[in-house]
Amino acid sequence: MSALLSLLPQQGFNSTLLSTMTPTSIQAPFYHTSNPHLLSWLSDRYLALAGPVLGYWVLSFVFHLIDTAQLPYFESKRIHESPEVLSRNKATILQVVRAVAVQQVLQTILGYVWLEDDATIFKREVNRDHLGDMASLVPSVANMTILALGQRTGETVLKTHGADLVRWTYWWGIPSLRMLFAL
């Protein structure tokens, strides 16, 4: 992101505009917490390892029950496969469970090796200087706004909503772009 922002032409903003754009309070969104753990009785590292596995097996069990219970509502909505498709599907339930278990054991081992300990994450992500990080975004947000809206309209927007725009970029814009890139 910083490489992209460095390509933008640098505007000569006056210090008054930049200071009005700099947030003075964090106003963290609902997803931010200052607690060291999401659950007090379980480390976030272990929750991140167990969550996908437990979620998979719980949902698989629910859908297996729906499939085998043959409830009239669900049976009327079932898509019946052709005899040809049924003849090609030769995997037994035990083979599927074994394959999924192997994959999840490998996933958990890799996650255990890869994930950092809670103290490192807490120090880097929770106890960071959020206001300082937002202040460092101010010139970039100003440049992007001027580039998108033009000099006159951009400065008007920055004067009235600059701090909110910086805060939104920090808490929602950058995390959303990171998630999109990860996907």
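Let's test the formula: R0 of 22 Å, r as the Cβ-Cβ distance of Val96 and Gln70. What FRET efficiency results, to the nearest 0.05? In this case the efficiency is close to 0.65. Where the centre of each part is set by its Cα atoms, how far does the stretch 16-66 sit from the stretch 103-160, in angstrom? After rounding, the separation between the Cα centres reads 16 Å. Highest average first, the peptides 150-160, 122-132 ordered by how many other beta carbon atoms sit within 10 Å of their residues are 150-160, 122-132.
Put Met21, Met144 in order of accessible area, largest first, 1.4 Å probe: what do you get?
Result, largest first: Met144, Met21.
Accessible surface of the chain, 1.4 Å probe: 66 percent of it comes from carbon and sulfur atoms. Stretched out straight at 0.36 nm per residue, the stretch from Ser176 to His161 would grow longer than its current Cα-Cα span by 3.4 nm. Gyration tensor over the Cα atoms of the chain: the corresponding equivalent ellipsoid has semi-axes (square roots of 5 times the eigenvalues, largest first) of 49, 23, 16 Å. Report the calculated FRET efficiency for Thr16 and Asn127 (r = Cβ-Cβ distance, R0 = 30 Å), to the nearest 0.05. Rounded to the nearest 0.05, the efficiency is 0.45. With the convex hull of its Cα atoms as the shape, the stretch 43-119 has an orientation-averaged projected area of 7.1 nm².
More than 14 Å apart: what percent of Cα pairs in the stretch 22-84 qualify?
I get 76 percent for the Cα pairs in the stretch 22-84 exceeding 14 Å.
Using θ = phi - 60° in the Karplus curve 6.51 cos²θ - 1.76 cosθ + 1.60, the 3J(HN,Hα) couplings for the stretch 25-42 round to 9, 5, 6, 5, x, 4, 7, 8, 9, 9, 6, x, 9, 5, 10, 5, 9, 9 Hz; x is entered for Gly and Pro. Estimated purely from DSSP H runs of n ≥ 4, each contributing -39500 (n - 2.57), the mean residue ellipticity at 222 nm for the chain is -21000 deg cm²/dmol once divided by its residues. Taking Pro52, Pro139, Pro83 as the candidate residues, the one with maximal mean-square fluctuation in a Gaussian network model of the chain, Cα springs under 10 Å, is Pro83. Just subtract the alpha-carbon distance of Trp57 and Ile26 from 0.36 nm times their residue separation and send over the number in nm, one decimal. Answer, rounded to one decimal: 7.3 nm. Projection of the Cα convex hull of the stretch 79-183, averaged over all directions and equal to a quarter of that hull's surface, yields 13.1 nm².
Starting from the Cα-Cα distance between Ser87 and Tyr46, subtract it from 0.36 nm times their residue separation and give me the gain in nm to one decimal.
Residue separation times 0.36 nm, minus the Cα-Cα distance, leaves 10.6 nm.
The values are calculated or read from the model by the stated rules, or taken from the named source; none is laboratory data. Note that the structure is predicted; figures quoted are calculated from it, not measured. Cβ: placed from backbone, ideal geometry, glycine included. Neighbour counts: every protein chain shown. All accessible areas refer to the heavy atoms of the entire protein, side chains included, with ligands and DNA or RNA removed. Shrake-Rupley method; radii C 1.70, N 1.55, O 1.52, S 1.80 Å.
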